[in-house]
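Q: Before we start, here is the structure in question, set down as structure tokens.
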Amino acid sequence: MKGIKIGVDFGSYSLKMCTENNINVVDEFSAIATSAESGVPIAFGKNADNLDGRTDDDINVTRVITNGVVSEFTFAEKLLTYYLSKVCGNRIYKPNVLISLPSDVSSLEKKIFLDAVTRAGAGRACLADGILASAFGSGISEEKVGGRMVIDLGHQTTELGIVSMGTVAASSTVRRGSFDIDEAIIKHMKKDRDIIIGPHTARAIKHKIAFAENRDSEVSLMASGKSGIDEMPISFEVTSTEIFPFVDEQIKILVAEIHSCLKNISPELLGDAADHGITLCGGGALLFDIAERFEEELDIRCNVTEEPEKARTRGLHKIMKSTKIMENNDYQFIFKDDIRDKLKRFDKI
């Protein structure tokens, strides 16, 4: 097959890419900054994210993926074009792109992803089940008989799947993630302390002092924001004890939805998962004490995989390099012209 193979994990928070020879060639935010007047791109990825909330109305910062699906098609295409061209360099042949999607995306959403990636420069493209990639990237072997459960805690979505013999036996997607904790922190600071903070500060608070379980020991953080009284800059101290009730509330909501998903899984598969435990991955798995909290709530042994935020990209890398996995899951890189025919069929669904 001519052309480099590129795996793409295009999420609500980040855009990650790998090749057959490099597991981490792109690790950026799924954001693009454009001129409000002309729509011309000004910055991509981390550079665009850094502009969010720090510019006037002349620059718009757009998150191109919402709840796991494309919400801004034109900007998604531009973002993919920019990073695919950086990975490909001066190569003559167009790349073969394997892009991961949530398991429950509709035919229309598949059409949009395929259209975006081919317009961005892919010569061939293939859609892969994201939870399968997360499982492989978390160390779950394609050779194992019996179900192994993985929960991918993403930014705006949480995906749950059971993998057996290298294929997905059951899966569900919950439209909640670590973003909800950020929002809860922002609302608390405004409502209870009359302090206005942005998403960057909320993420920093979550990453540094948020815990999934209440601890006796308290940690604190100095942060900056804007006074809601006089709109002047303000520095303030926030503690883990203060924000725990709001983190706790969001975890309870998420766990309740996961419980609902588990009810739809067969007793045999759920029994396998209970025997072997649950593997947690995704950026949300970086939250302190999350494995202990999930184990307590679900009554199933849980562990967090190494570098959980990179699990899906590692899995895409494994899928691309394995002919057996590709064949077992009927994954095929389709030529651009054939993709057009597939898009027409999706239109009729």
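Q: Looking at this structure, is residue 252 farther than 25 Å from residue 311 by Cα and either at pLDDT 95 or above or crowded, with 18+ Cβ neighbours inside 10 Å (or both)?
A: Working: farther than 25 Å from residue 311 by Cα: no; either at pLDDT 95 or above or crowded, with 18+ Cβ neighbours inside 10 Å (or both): yes.
It is false that residue 252 is farther than 25 Å from residue 311 by Cα and either at pLDDT 95 or above or crowded, with 18+ Cβ neighbours inside 10 Å (or both).
Q: Name the pairs whose Cβ atoms lie under 6 Å apart, with the first residue in region 43-70 and without any contact (Cβ under 8 Å) to a residue 60 or more places away in the chain and under 28 Å from residue 106 (Cβ atoms), the second acidic (Asp, Glu) and part of a strand (DSSP E or B), and 6 or more positions between them or separate chains?
A: The qualifying pairs are 45/28.
Q: Scan region 40-76 for residues that are hydrophobic (A, V, I, L, M, F, W, C) and closer than 26 Å to residue 176 by Cβ and jot them down.
A: We begin by selecting, within region 40-76, every residue hydrophobic (A, V, I, L, M, F, W, C); these are 40, 42-44, 48, 51, 59, 61, 64-65, 69-70, 73, 75-76.
Correct list: 48, 61, 64, 65, 69, 70, 73, 75, 76.
Q: Now, a different point. Identify the residue in region 24-37 that is assigned to a loop (DSSP other than H, G, I, E, B) and within 19 Å of the chain's Cα centre (by Cα) and, among all such residues, is nearest to residue 224 (Cα to Cα). It would help to see each step written out before you state the result.
A: Pass one, region 24-37, residues assigned to a loop (DSSP other than H, G, I, E, B): 24-25, 30, 36-37.
Filter once more, so that each one left must be within 19 Å of the chain's Cα centre (by Cα): 24-25, 30.
Numbers: 24: 33, 25: 33, 30: 25 Å.
By that ranking, first place goes to 30.
Q: Something else about it: Determine whether residue 223 is in a helix (DSSP H, G or I) and outside the structural domain of residue 331 (by TED's automatic domain parsing).
A: On the way: in a helix (DSSP H, G or I): no; outside the structural domain of residue 331 (by TED's automatic domain parsing): yes.
Spelling it out, it is not the case that residue 223 is in a helix (DSSP H, G or I) and outside the structural domain of residue 331 (by TED's automatic domain parsing).
Q: What are the residues in region 296-334 that are surrounded by fewer than 17 Cβ atoms within 10 Å (Cβ to Cβ), in the same structural domain as residue 251 (by TED's automatic domain parsing) and part of a helix (DSSP H, G or I), if any?
A: 296
Q: In region 136-171, how many residues are under 15 Å from the mean Cα position of the chain (by Cα), among the polar types (S, T, N, Q) and part of a strand (DSSP E or B)?
A: 1
Q: Filter region 38-94 for residues that are outside any helix (DSSP H, G or I), closer than 23 Å to residue 24 by Cβ and not hydroxyl-bearing (Ser, Thr, Tyr) and give the result. Let's see the steps before the verdict.
A: If we filter region 38-94 for residues that are outside any helix (DSSP H, G or I), which is where we start, we get 38-44, 52-72, 89-94.
Now narrow it down to the ones that are closer than 23 Å to residue 24 by Cβ: 43-44, 63-65, 68, 89-91, 93-94.
Those that are outside any helix (DSSP H, G or I), closer than 23 Å to residue 24 by Cβ and not hydroxyl-bearing (Ser, Thr, Tyr): 43, 44, 63, 64, 65, 68, 89, 90, 91, 94.
Q: In region 283-317, which residues are of a type in the set (Lys, Arg) and within 13 Å of residue 9 (Cβ to Cβ)? Steps first, answer last, please.
A: Residues of region 283-317 of a type in the set (Lys, Arg): 293, 301, 310, 312, 314.
Matches in region 283-317: 310, 312, 314.
Q: Any chance region 282-292 includes a residue that's at positive phi, touching a strand residue (DSSP E or B) at 6+ places or on another chain (Cβ under 7 Å) and surrounded by 21 or more Cβ atoms within 10 Å (Cβ to Cβ)? Full working, then the answer.
A: Step one: list which residues in region 282-292 are at positive phi, which gives 282, 289.
Next, only the ones that are touching a strand residue (DSSP E or B) at 6+ places or on another chain (Cβ under 7 Å) stay: 282, 289.
From the residues that got through so far, the ones that are surrounded by 21 or more Cβ atoms within 10 Å (Cβ to Cβ) too are 282.
Yes, that holds for at least one residue.
Q: Here is a further query. Between a residue in region 185-201 that is farther than 11 Å from residue 228 by Cα and any residue that is of a type in the set (Asp, Glu) and not in a helix (DSSP H, G or I), which pairs come within a Cβ distance under 9 Å, given they are 6 or more apart or on different chains?
A: Pairs that qualify, where the first residue is farther than 11 Å from residue 228 by Cα and the partner is of a type in the set (Asp, Glu) and not in a helix (DSSP H, G or I), are 198/52; 199/52; 200/52.
Q: Quickly run through region 181-217 and pick out the residues that are modelled with pLDDT of 95 or more and assigned to a loop (DSSP other than H, G, I, E, B).
A: The answer is 194, 197, 210, 212, 213.
Q: Assess whether residue 124 counts as being of a type outside the set (Gly, Ala, Ser) and either under 26 Å from the mean Cα position of the chain (by Cα) or assigned by TED's automatic domain parsing to the domain that holds residue 69 (or both).
A: On the way: of a type outside the set (Gly, Ala, Ser): yes; either under 26 Å from the mean Cα position of the chain (by Cα) or assigned by TED's automatic domain parsing to the domain that holds residue 69 (or both): yes.
Yes, satisfied.
Q: Six or more apart or on different chains, Cβ atoms under 9 Å: show the pairs whose first residue is in region 102-123 and closer than 20 Å to residue 3 by Cα and whose second is in a loop (DSSP other than H, G, I, E, B) and basic (Lys, Arg).
A: 121/94; 122/94; 123/2; 123/94
Q: Cβ contacts < 7 Å: first residue under 17 Å from residue 288 (Cβ atoms), restricted to region 248-261; second residue in a helix (DSSP H, G or I), any location; separation 6+ or different chain. Result?
A: Going by the 7 Å Cβ cut-off, the qualifying pairs are 249/184; 250/180; 250/181; 250/184; 251/293; 255/297.
Q: Then there is this: Might you check whether a residue that is closer than 24 Å to residue 138 by Cα and surrounded by fewer than 16 Cβ atoms within 10 Å (Cβ to Cβ) occurs anywhere in region 24-37? If you could, list the steps in order and put the result at the bottom.
A: Of the residues in region 24-37, the ones closer than 24 Å to residue 138 by Cα are 24-30.
Imposing the further condition that a residue be surrounded by fewer than 16 Cβ atoms within 10 Å (Cβ to Cβ) reduces the set to 24.
There is at least one residue in region 24-37 that is closer than 24 Å to residue 138 by Cα and surrounded by fewer than 16 Cβ atoms within 10 Å (Cβ to Cβ).
Q: Just the residues that are under 22 Å from residue 321 (Cβ atoms) and surrounded by fewer than 17 Cβ atoms within 10 Å (Cβ to Cβ), please, taken from region 87-120.
A: Correct list: 89, 91, 93.
Q: Quick check: is even one residue across region 145-164 surrounded by fewer than 16 Cβ atoms within 10 Å (Cβ to Cβ) and free of Cβ contacts under 8 Å to residues at least 24 places away in the same chain?
A: Scanning region 145-164 turns up at least one residue that is surrounded by fewer than 16 Cβ atoms within 10 Å (Cβ to Cβ) and free of Cβ contacts under 8 Å to residues at least 24 places away in the same chain.
The values are calculated or read from the model by the stated rules, or taken from the named source; none is laboratory data. Quick caveat, the model's predicted, so the values are computed rather than measured. All Cβ positions, glycine included, derive from the backbone under ideal geometry; neighbour counts span all protein chains shown.
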